[in-house]
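Just below is one structure, and these are the notes that go with it.
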Amino acid sequence: MGNSNLIPYQRRLTREHYCRRNGHGPVVLWFTGLSGSGKSTLAHLVEEALFAKGWYTYILVCEARDPKGLYRKARAGMIPDFTGIDSPYEEPQSPDLVVDTGQLGIGESVSRVLQVLPQRTRSTRS
């Protein structure tokens, strides 16, 4: 069942065009963990390190802590089964990398993330 108002658009610029220009393939880094575990700090420092190496980056993180007041509402019992409050955090089953920010310094944490990127992105940059 299709919609006759929708017309597929064939892009002229392909993934290969961007890879050649950027010197690396696309990659998504997904930082998961409990609130306050250092995800945003690590993500921003990784972004800065990649930018310094000439990589094109774009970061999507929650800048303001709990901007919708979800943790406050969950603690007040207004949101049941909230991860980290009354529902456990479920770790990914098969992560490519685990960085324990409670055990590692921030410099070592950034280094570990950066070490896995060239093998994941077909990077021509170090």
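The values are calculated or read from the model by the stated rules, or taken from the named source; none is laboratory data. Worth saying up front: this structure is predicted, and the values here are computed from it rather than measured. Cβ sites come from the backbone with ideal geometry, for glycine too, and all protein chains shown count toward neighbours. Ligands, DNA and RNA are excluded from the accessible area calculation, which covers all protein heavy atoms including side chains. Shrake-Rupley method; radii C 1.70, N 1.55, O 1.52, S 1.80 Å.
Say we look at segment 101-123 and pick out the residues that are aliphatic (A, V, I, L, M) and at pLDDT 85 or above; which of these is most open to solvent (accessible area, probe 1.4 Å)? Once the filter is applied, the top-ranked residue is Ile106. All conditions but one from (1) assigned to a loop (DSSP other than H, G, I, E, B); (2) among the hydroxyl-bearing types (Ser, Thr, Tyr); (3) under 28 Å from Gly102 (Cβ atoms) apply to Tyr56; the one that does not is (3).
Selection within segment 83-100: residues that are assigned to a loop (DSSP other than H, G, I, E, B) and among the small types (Gly, Ala, Ser). The member of this set that is surrounded by the most Cβ atoms within 10 Å (Cβ to Cβ) is Gly84.
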